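Okay, so here's the structure we're looking at.
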Amino acid sequence: MIDFEKLGAFYLGKRVDESTGELSDDLVLYDSKDLTTHAIIIGMTGSGKTGLGIGLLEEAAMDHIPVIAIDPKGDMGNLMLTFPDLAARDFEPWINARQASDEGMSSSDFASAQAELWRTGLASWGQDGARIARLRQNAEVRIYTPGSNTGLPVSVLQSFSAPGPDLLADADLYRERVQATATGILSLLEVDADPISSREHILLSQVLDHAWQQGQDLEIANLIGAIQNPPVRKIGVMDVDSVYPPKERFQLAMRLNNLLAAPGFDAWLQGAPLKAADLLYDQNGKPRISVMSIAHLDDAQRMFFVSMLLNEIIAWMRSQQGTSSLRAILYMDEIFGYLPPTENPPSKRLFLTLLKQARAYGLGLVLATQNPVDLDYKGLSNTGTWFIGRLQTERDKARVMEGLEGVRSETFDRQKMEKTLAGLGKRRFLLHNVHEDAAVVFNTRWTMSYLAGPLTRDQISSLCSVARQQAASSAAPKLSPTGSAPPSSGDAPVLAPGIQQVYLPAEGGSLVYYPRVIAACDVTFSDARQNVDERRSMLVTVEIGEGPLPVDWDRSDLMSLSADSLLDAPEPAAQYAECPSAAAGEKNYREWEKSLMQWLRKTQLVRLYRSNKYRITSQSGEAEGEFRVRLQQLANEKRDEAVGDLRKRYGSKALTLENRLLRAEQAIEREQQQSTKKKLDTAVSLGTAVLGALLGRKRLTSTTASRVGSTIRTAGGAQKEASDVARAKETAQKVRADLEALNVELQNEIDALETAFDAQTETLEELLVKPKTTDIHIGFVGLAWMPYLRDAAGRLTPAWPA
C-alpha cells in the first residue's frame, strides 16, 4: 500500500463507478491541507456518518494531527477501541451482549466472530494490525466527561481564566469572549439573557471585563462575591444599584451558589483545567485525540460547556503562528442546535468566528449532522469540503442542494447532483471539495477502531481508569509538614532578631503555622550565541530536619507565590508548631545561604533543544514537548511544500501523456462515434496508482478539462484511414508504457522523500546555559511560617493560595 503519510493524504475509501454502482480499485485520498478550509458531514441515521468521521480522525492521528472531538452522542469514544492483535479477547469486553444472544451465540463466540470480521474487513481495504499499532503509537486517545467523574474530569468552573494579550488586543474577539462566557454562565441558570437588554448579562460582562482587563483569573467564589458587590460603580452613566438593585443581585448570586452546592455539581470543579494545549498534546508533545463526551449533560449544561471550550480554543488559536498546513482538528459529531439558521445561541457566534478565522492558523473544523435543515448555510458558505451521505426527506435534500449551490455556483450542475444524491447507499458519500476538479462518490474504508456503538458510563469508566490514575499521580503534591504532632503553643516562638521571619498569606479560619526555611533569589542567564537572555525570580522553601544536614536544598520546593506577597505579621489567634532547634541558630542561616548559592549554580540552568535535521533550536523557556510540537508542524509544512512541488512537476508530465493517449484513443474508437473520456480515466488508472495518489482529482484544471471535453465532442468529425488506427494503437501502447515509467519514477522520488517525520522519535541535542556566580542574587534566607488548616481528624491542608 502507498505510504499516505509521506504525502499528507488521508485514506478515506475507494471510488464508486456512478454508472454501474460498483466499487472500483481507485483509492480516494484526501489532501490534509484541504481541511484547513473546513468540512461538513451530512447523512441520516444509518448512512455511515460516524464511521466516516472516525476514519477521518484515524487518518489525522496517523499524520500526527491532534484532535478535539465534541461528542454529544457517545460514539466517538470508539476511537479507544483499537486492537493491533485483532484477538477475540480484546473484542469481548466491548461486544453487544444482546446482539450475541439474538444470534444464538455465546459472548466468546461472538467476540471471535467480530475479531474475524474486523480482520477480514481491514484486509479487504489494505489494512492490518500493524497499521493499528502505528495509529496507537502516533496519538493518545482520551475521553473527558465534564461535570462527571465517569471519564477524565475537566475543571470548567474552578476559574474563568483571563485571555492572553493577543486576544485582549483584538477588540471584537475579546468582546465575543466576554459575551459568550456571560451567556454560558447564565445558560446554566436557565436565564435566557440578551447581551443588550438583560441586566444579568450586562452585570456579568462588567465583572468579567473588570477582572480580565487587569490580567486576573476570576474564580467562581470571587464571581459570586462580585455579583453582590460589583467592582464597578456605574453601568453606562447610571449607578449600578439603580440598574440592578442589591437585593436582586443577591438573588442572582444565591442561584449561582445553590447551583454549585447541588449534589454532584462539584465535579465541574474537579480535574485538570480546561486548556486547549493540554487537550491537543501531552507534556512530551505527543498528539492527542481528546473526546469531550457530553452525552450525560442536559441541554443547558451542554451549551455552557461547548461555549467555554470554543472560547478556549479561540484563545489558543490566536496564540499560534499562521500556517497553510493543517495543525489541528476540531470535530463535532452533531452540530444540531449549535449553529442554527435563525436563533443565536452563544455557540453560534463562536463557531462563525472559527469558520472565518481558523484557516489562517491551520485549525480545521469538521462538523457532522443528521439534521441538515437546522443549519446556518450562510455561515457554512466558506466550507471547502462537503461529505454528503444518504438523506431521509426531500426537504433535507433541498436544503443540502441550497447549501452546495452557495459553495460552488459557477460549476454546479444541480440536476446531476440531485441524481447522484438519490443513488447513495449505506457507507457511500459524495465528496465535494472546492480544491478538486470534480466531485466523487466513494465507499468509506473499514475503520481501524472497533465500532461498538455509543459507550455506556461503565465502559467509559473502564477505558479511562489507567488515565485517571496517571492524572492523579502526576498532580502537584501539596506541601505538608512531616508528622502530625499537635501545635505546642498558641504563641510564636522567640527567635534571635537577626533571623528574618515571614508569613505566607492564608485563606481560611483556624490556622496552624509550621516552620520551613525560605529563600528569595534571582538568577540571570545570558548567552548571545544561543539567543538567551532570561531572569528567574524564585521563592523556595525546605523542611528543617535533624542531624548534621538539617537543610538540604535538593529537597526544596518552588513556591508559586512571589516574595512581594509575603507578610511581616501572622494572622491573629493562630497556633504554632514546635520550631526545630537548628532554626533558632542565627549563624545557621549564613551557612544555608552559602549552600544555597552552590545549589543554584549546580541545578539552575536553561535547557535548550536542537534539531540537527531541521537546524533549529528551541527558545528559552520552551519545554521539550512544546519544541517537538513546533518541529512536527514545521515538518508538515515542509512535506506539503515537497508534495506540492511533486504535484506541479508530475502533473504537467501526466497531462501531456493524457492528451497523447486521448488523441490515440479517439482515433481507435472513431467508428463507434463515442466519447473516450471514460476509457481515458480507466487507462490512466491502470498501473499508475502512485500517480493517482499524488495527483488525485487535482490532475486537470477546469480549463484543461474543458479543452479535453471540447476535443472529445469534435472527435467524431475526423475520418481516418485504417493505417492511422494501427499507428494510433501503437501510440496508445507506448503512452501507457510511458505512464508506467512515470509512475515508477514518481515512486522512487516519493521513497526518497523524508516527509514521514515523527517528532516523538527525533533525537534532540541538549544545550545547557548555566548562570555565572555574579548573575545569582540571593535576596534573603529566613524562616517562613506556613499556614495550615487542621480538620477534626488531624489532617492538615495548606491554607495559602495556590
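Evaluating Gln179 against the criteria (1) in a loop (DSSP other than H, G, I, E, B); (2) in contact with a His (Cβ under 8 Å, 6 or more places away or on another chain); (3) surrounded by 13 or more Cβ atoms within 10 Å (Cβ to Cβ) leaves one unmet condition, (1).
Remark: pairs (first residue in the stretch 558-574, farther than 11 Å from Leu504 by Cα; second residue open to solvent by less than 90 Å² (accessible area, probe 1.4 Å) and among the β-branched types (Val, Ile, Thr); Cβ separation under 6 Å; 6+ apart in sequence or on different chains) = Leu558/Val540.
For Leu691, the conditions (1) touching a helix residue (DSSP H, G or I) at 6+ places or on another chain (Cβ under 6 Å); (2) modelled with pLDDT of 70 or more are fulfilled apart from (2). Residues that are in contact (Cβ under 8 Å) with a residue 40 or more places away in the chain, part of a helix (DSSP H, G or I) and under 30 Å from the mean Cα position of the chain (by Cα) do not occur anywhere in the stretch 648-655. Val551 fulfils the conditions (1) under 21 Å from Leu539 (Cβ atoms); (2) in contact with a Gly (Cβ under 9 Å, 6 or more places away or on another chain); (3) open to solvent by 50 Å² or more (accessible area, probe 1.4 Å) except for a single criterion, (3).
When the criteria are applied in full, Gln214 meets the requirement of being surrounded by fewer than 20 Cβ atoms within 10 Å (Cβ to Cβ), modelled with pLDDT of 85 or more and over 22 Å from Leu297 (Cβ atoms). In the stretch 190-211, of all residues being surrounded by fewer than 16 Cβ atoms within 10 Å (Cβ to Cβ) and at pLDDT below 90, the one that is nearest to Met254 (Cα to Cα) corresponds to Glu190.
Quick check on my filter: what residues within the stretch 645-659 are open to solvent by less than 30 Å² (accessible area, probe 1.4 Å) and either under 15 Å from Asp31 (Cα atoms) or touching a strand residue (DSSP E or B) at 6+ places or on another chain (Cβ under 7 Å) (or both)?
Residues of the stretch 645-659 open to solvent by less than 30 Å² (accessible area, probe 1.4 Å): 646, 650-651, 654, 657-658.
The answer is Leu646, and nothing else.
Within the stretch 541-565, the set of residues being in a loop (DSSP other than H, G, I, E, B) and within 23 Å of Glu591 (Cα to Cα) comprises Glu543, Ile544, Gly545, Glu546, Gly547, Pro548, Leu549, Pro550, Val551, Asp552, Ser556, Met559.
Number of residues in the stretch 54-91 that are open to solvent by 10 Å² or more (accessible area, probe 1.4 Å), among the aliphatic types (A, V, I, L, M) and either in a loop (DSSP other than H, G, I, E, B) or free of Cβ contacts under 8 Å to residues at least 12 places away in the same chain (or both) equals 2. Against the conditions (1) open to solvent by less than 30 Å² (accessible area, probe 1.4 Å); (2) in contact with a Leu (Cβ under 7 Å, 6 or more places away or on another chain); (3) free of Cβ contacts under 8 Å to residues at least 60 places away in the same chain, Ile185 satisfies every one except (3). Residues in the stretch 147-168 that are in contact with a helix residue (DSSP H, G or I) (Cβ under 9 Å, 6 or more places away or on another chain), part of a helix (DSSP H, G or I) and either hydroxyl-bearing (Ser, Thr, Tyr) or open to solvent by 30 Å² or more (accessible area, probe 1.4 Å) (or both): Asp166, Leu168. If you go through the stretch 429-452 and keep only what is part of a loop (DSSP other than H, G, I, E, B) and either hydroxyl-bearing (Ser, Thr, Tyr) or within 23 Å of the chain's Cα centre (by Cα) (or both), you end up with Thr447, Met448, Ser449, Tyr450, Leu451.
Among the numbered conditions (1) closer than 30 Å to Leu12 by Cβ; (2) over 20 Å from the mean Cα position of the chain (by Cα), the only one that Glu140 does not meet is (2). Within the stretch 330-348, the residues that satisfy the criterion of being without any contact (Cβ under 8 Å) to a residue 40 or more places away in the chain and open to solvent by 10 Å² or more (accessible area, probe 1.4 Å) are Phe336, Gly337, Tyr338, Pro341, Thr342, Glu343, Asn344, Lys348. Here is a check on your reading of the model: is Arg327 open to solvent by 10 Å² or more (accessible area, probe 1.4 Å) and modelled with pLDDT of 90 or more? Against the criterion (open to solvent by 10 Å² or more (accessible area, probe 1.4 Å) and modelled with pLDDT of 90 or more), Arg327 qualifies. Annotation: of all residues in the stretch 596-613 being surrounded by 15 or more Cβ atoms within 10 Å (Cβ to Cβ) and of a type in the set (Ser, Thr, Tyr), the one that is farthest from Glu534 (Cα to Cα) is Ser611.
Within the stretch 21-45, residues that are farther than 26 Å from Gly453 by Cα reach partners that are charged (D, E, K, R) and open to solvent by 40 Å² or more (accessible area, probe 1.4 Å) with beta carbons closer than 6 Å, at six or more positions or on different chains, in the pairs Ser24/Arg15; Ser24/Asp17; Asp26/Arg15; Thr36/Arg359; Thr37/Arg359. Exactly one residue among Leu451, Leu455 is open to solvent by 40 Å² or more (accessible area, probe 1.4 Å), within 29 Å of Ala115 (Cα to Cα), touching a helix residue (DSSP H, G or I) at 6+ places or on another chain (Cβ under 6 Å) and at pLDDT 90 or above, and that residue is Leu451.
Just for the stretch 257-277: of the residues that are assigned to a helix (DSSP H, G or I) and either of a type in the set (Ser, Thr, Tyr) or modelled with pLDDT of 90 or more (or both), which one is most open to solvent (accessible area, probe 1.4 Å)? Talk me through it step by step, then tell me what you get.
Step one: filter the stretch 257-277 for residues assigned to a helix (DSSP H, G or I), giving 257-261, 265-269, 276-277.
If we keep only those that are either of a type in the set (Ser, Thr, Tyr) or modelled with pLDDT of 90 or more (or both) too, we end up with 276-277.
Numbers: Ala276: 0, Ala277: 47 Å².
Here the answer is Ala277.
Quick check on Leu783: is it under 23 Å from Asn531 (Cα atoms), at pLDDT 90 or above and not in a helix (DSSP H, G or I)? Working first, answer last.
On the way: under 23 Å from Asn531 (Cα atoms): no; at pLDDT 90 or above: yes; not in a helix (DSSP H, G or I): yes.
Judged against the criteria, Leu783 is not a match.
Return the residues of the stretch 740-759 that are in contact with a Gly (Cβ under 7 Å, 6 or more places away or on another chain) and either at pLDDT 80 or above or open to solvent by 50 Å² or more (accessible area, probe 1.4 Å) (or both); say none if nothing qualifies.
Residues of the stretch 740-759 that are in contact with a Gly (Cβ under 7 Å, 6 or more places away or on another chain), as a first pass: 740, 743, 759.
Selection gives Glu740, Ala759.
Looking at Thr797, Thr774, Thr731, Thr763 in this structure, which one is of a type outside the set (Asp, Glu) and surrounded by 14 or more Cβ atoms within 10 Å (Cβ to Cβ)? Give the steps one after another, and end with the answer.
Values: Thr797 fails: surrounded by 14 or more Cβ atoms within 10 Å (Cβ to Cβ); Thr774 fails: surrounded by 14 or more Cβ atoms within 10 Å (Cβ to Cβ); Thr763 fails: surrounded by 14 or more Cβ atoms within 10 Å (Cβ to Cβ).
On inspection, the qualifying residue turns out to be Thr731.
Within the stretch 511-529, the residues that satisfy the criterion of being part of a strand (DSSP E or B), farther than 30 Å from Pro787 by Cα and open to solvent by 10 Å² or more (accessible area, probe 1.4 Å) are Thr524, Ser526, Asp527.
Scanning the stretch 571-586 for residues that are part of a loop (DSSP other than H, G, I, E, B) and either open to solvent by 60 Å² or more (accessible area, probe 1.4 Å) or within 15 Å of Pro798 (Cα to Cα) (or both) yields a total of 6. Somewhere in the stretch 133-149, is a residue closer than 24 Å to Asp266 by Cα and of a type in the set (Lys, Arg)? Scanning the stretch 133-149, I find at least one residue that is closer than 24 Å to Asp266 by Cα and of a type in the set (Lys, Arg), so the answer is yes.
Every condition in (1) buried (at least 24 other Cβ atoms within 10 Å of the Cβ); (2) assigned to a loop (DSSP other than H, G, I, E, B) is met by Ile41 except one, and the failing one is (2).
The values are calculated or read from the model by the stated rules, or taken from the named source; none is laboratory data. No experiment lies behind these values; they were computed from the predicted model shown. Here the Cβ is made from the backbone with ideal geometry for all residues, glycine too, and neighbour counts use every protein chain on show. Remember, those area values only see protein heavy atoms, side chains included, never the ligands or the DNA or RNA. Shrake-Rupley method; radii C 1.70, N 1.55, O 1.52, S 1.80 Å.
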